[in-house]
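I have placed the structure first, in the form of structure tokens, so that the comments after it can refer back to it.
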Amino acid sequence: LRFYLIMTTKKNTIDTQDAAFIGIDLGDTKHAVCVTNALGKNIKEYSIANTRRQFEKLAATYPKAMIALEVGTHSPS
């Protein structure tokens, strides 16, 4: 997934419609998801099941997002 940040020089603002960061805390059966815009404002927090379909749905919902994963000893390998 790619992250796009569009700067508007006339207004000196950031277009946050397409820009998003997604933080995912992986777990055994479900994963905690936090979506923020380019300015760091939370857009949505929720959890998803540990399935390929749920990750595909997340990627389709935010196709231009940058994703960061937090993993630990309980994360599936």
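The values are calculated or read from the model by the stated rules, or taken from the named source; none is laboratory data. Fair warning: this is a prediction, and the values are worked out from it, not measured in the lab. Cβ sites come from the backbone with ideal geometry, for glycine too, and all protein chains shown count toward neighbours. All accessible areas refer to the heavy atoms of the entire protein, side chains included, with ligands and DNA or RNA removed. Shrake-Rupley method; radii C 1.70, N 1.55, O 1.52, S 1.80 Å.
Does Lys57 count as under 11 Å from Ile22 (Cα atoms) and among the basic types (Lys, Arg)? In short, no.
Of the residues making up region 53-66, those that are touching a residue at least 24 places away in the same chain (Cβ under 8 Å), open to solvent by less than 70 Å² (accessible area, probe 1.4 Å) and not in a loop (DSSP other than H, G, I, E, B) are Leu58, Ala59.
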